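All of the numbers you see were taken from the coordinates with simple rules; none came from a lab. Fair warning: this is a prediction, and the values are worked out from it, not measured in the lab. Counting neighbours? That spans all protein chains shown, and the Cβs are built from the backbone with ideal geometry, glycine included.
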């Protein structure tokens, strides 16, 4: 500790700063002007605990935005003179307004102490402040003072000396929301490529000031290399945020800071009576009420899923028809062979099976954007914080978990990155580890597929249930991890509560488009590549001749027996006639019946009889056509069975099939067959791949004589698939191993590979135990099997 320290007094006008300055320095002060300006400069000295303390009274200012001369002087002194500690003098009776300056100082990363001045006035207005809690929430010492009566002066000096002797503190990182944070990050990157000398100022603080249009900081950047790219990025970022929110970045950042302040004050300030309550606070009396708040949240959640599933369903069905039409068109145009299989089964059925859910993703993103832009998402986090603390998680974890998919449709990658705002290492790490359990947007196509196939009348209810299960798993995992490998006492937090605002349709649409386009790009790149690889895995090696020959012999024997039946003698003389009739039937289903009748009356009559028999509309009176139709239907069914067995054997012989079969020992107790195993293996790359893999597997295994059903219909038809199997798969997909992108992010944010490995192991073990338990109990009770 040096024998002399410098303390700067900052604060709003009329906060009692001058009175406190006088109480500190007494007669040992002098008054002059700041260099180059006529603004009064006050300085003084005092001794405390054998230390000489030099006190500088900065001009009264509401902020450090450098709009006024006073603001420029105060900020320049703090930045360039670098006092040992800043004492922010705040009017205790008007904390919300006064703490705005404190928040800006915290963001600068200065060492500071907050003096809650005029505490007697606050108490006279029935304003009760929990000083210790406020200190913990802000992360700096807070002292209640009264300059006139010299209350708290000694304590304030002690805290100032202690802070002056500490190492430089890290600036507080207020989370400004996904879009604003992205633009701050872009400007930070451009700043890193310049050669400007900004002293102790952090790149994040500089980026925020530039985004706000701070003229003083902009001038400092004008002489640096790369300034053109920097200013171009600033302009793009400002325009982008203006388009989304229909407000300037200055207003957006100000709102976020006041949200931060509001979140702190809600927890440590109690006002017994008030004459005027802010509109947002009036709304919050209902929406964040301990009883009404959760009830409203459940209703909102149910409405979101109703809007998502029912609103998007016609568009999903329409896209499904488009991809089926495209697959049929390409299949008819291309000759038989591997290339046709690659395009139709690998690409169209694989990628198309995921892309058809794009409308559902878009509707979900629109609903989430609506909740975010109105300010209600922060209220959800505020309410659920009460629950989190009981399970060992930090209240600030809520923001990261919401981004990761607390309301289905997020992403674990930005969710994990959002934990950077958390100070406590253990609580940050446990949040990182449990974030992948949330229902990210990549899992939605899997949910939509299986819910649509096996729970078509309960889509909203099932999605609601999966959301609740996801949260239960997160809380349980957090409790166990926090109580064992990351045990320790919880730390305080401040949750931002931005004011409610009416979102613009333009902003909502921009949000929706940007997030949906990211999903589509992922499907067009990662999923395309993975789909091709998985198609190759399920296409090679081909079935050896010695294994294919028995099926060919069975088909030949079946055809010979069919041709020998008397009932079909008039129509079929040879195997070629059977093949020609099968082609004729396809044309009969799609073409003009009258034209076909003229082309081949005999085939036409038989095709009509077959159709009537399949539809249950055949006449009870026996006729040659009905007997031939019955024989042909039996033949087709037996041939399809042989062909299906052949295709299954062929798929099992491939690389993917062999892997899937090998895993059956592990996954069969949960009802998963070898094709599902391959899909889950593909899900290690990205969860969307599961749908693509299932589409490829069942497309490659489809028998030509069947109708081209969509994947949901195929799964319903497959032996071994039922509602219990589907629900078990939903649980496993929700919980098991994070995707590659998430694992890379965990490694980057945790700094150690061991935590990445831990995340892989514990999530997969959790998924296996939970799914096996549910399937075993369900099977025993015969639930969802019939």
message: Could you sort the peptides 473-479, 502-508 by per-residue average Cβ neighbour count (10 Å cutoff), highest mean leading?
response: 473-479, 502-508
field: Length added when fully stretched, residue 228-residue 753, from 0.36 nm per residue minus Cα-Cα
entry: 185.1 nm
message: Quick check on packing: order 427-433, 46-52 by the mean number of other C-beta atoms within 10 Å, highest mean leading.
response: 427-433, 46-52
- request: Can you figure out the FRET efficiency of residue 564 with residue 461, using R₀ = 51 Å and their beta-carbon distance, to the nearest 0.05?
  value: 0.40
- line: The relative contact order of the range 545-649, taking Cα pairs under 8 Å that sit 6 or more residues apart, comes to a percentage of 34 percent
query: What number, in percent, do you get for the relative contact order of the chain if the mean sequence gap of Cα pairs under 8 Å and at least 6 apart is divided by its residue count?
result: 11 percent
query: Rounded, prolate or oblate: which fits the chain, taking a ≥ b ≥ c as square roots of the Cα gyration tensor eigenvalues, rounded meaning a/c under 1.5, else prolate when a/b beats b/c?
result: prolate
task: Return the distance in nm (one decimal) between the two label points of a simple spin-label model at residue 299 and residue 82, each offset 7 Å from Cα along Cα→Cβ.
output: 5.7 nm
field: Label-point separation, residue 655 to residue 615 (7 Å along Cα→Cβ), nm
entry: 4.7 nm
query: What's the FRET efficiency of residue 285 with residue 310 using the Cβ-Cβ distance as r and R₀ = 25 Å, to the nearest 0.05?
result: 0.20
statement: Burial-style ranking of 539-552, 259-272, average other-beta-carbon count within 10 Å with highest first, yields 259-272, 539-552
- request: Be a star and scan the range 709-732 for residues whose amide nitrogen sits under 19 Å from the point 7 Å along the Cα-to-Cβ vector of residue 668.
  value: 719-722, 725-726, 729
message: Run the numbers for residue 3 and residue 483: contour at 0.36 nm per residue of separation, minus the present Cα-Cα distance, in nm.
response: 168.3 nm
query: Most exposed first by the Cβ proxy, i.e. fewest other Cβ within 10 Å, how do 255, 57, 88 rank?
result: 255, 57, 88
query: What 222 nm value per residue comes from the helices of the chain, counting each DSSP H run with n ≥ 4 as -39,500 (n - 2.57) and dividing by all residues, nearest 500 deg cm²/dmol?
result: -19500 deg cm²/dmol
field: R0 of 41 Å, Cβ-Cβ distance residue 599-residue 340: FRET efficiency to nearest 0.05
entry: 0.90
